[in-house]
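Below is one structure, written out as structure tokens, with a few remarks after it.
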Amino acid sequence: MKRRLARWIPHSMKPPLKEGYHLLIDVIEKLKGRDSMTPPRSMIFVGAGDFGLIGQELKRYFSALANVRH
């Protein structure tokens with residue numbers, strides 16, 4: 001469905017629409033009480049993954065690699 005819709009949206013309109021979507025999500029998350037360590041949605045570039053879960057996994061990996069307790 002998403003691809004079908006994207007096909008009808010002019011290429012020049014996609015960046016502003018994406019930016020507006022991220023702004024809306026950022027406002028909603030801020031009102032809900034987003035973790036202060038999580039950057040705004042527009043600054044997260046992890047693809048379809050969950051930013052927080054990926055960060056936790058990297059923390060565990062690097063802590064184990066450096067033999068550091070947290």
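Computed from the coordinates by the stated procedures, all read-outs in this text should not be read as laboratory data. Predicted model, so just to flag it, every value in this text is computed and none were measured. We place every Cβ from the backbone using ideal geometry, glycine too, and count neighbours over all the protein chains shown.
For the reader, a short list of remarks on this structure follows.
- Relative to the Cα centre, the charge distribution of the chain, modelled as +1 at Lys and Arg Cβ and -1 at Asp and Glu Cβ, gives a dipole magnitude of about 280 debye.
- Here's the picture: charge each Lys and Arg Cβ at +1 and each Asp and Glu Cβ at -1 in the chain, and of HIS22, TRP8, GLY55 the one pushed furthest to the positive end of that dipole is TRP8.
- The rule of thumb for compact globular proteins, 2.2 N^0.38 Å, goes into the C-alpha radius of gyration of the chain 1.52 times.
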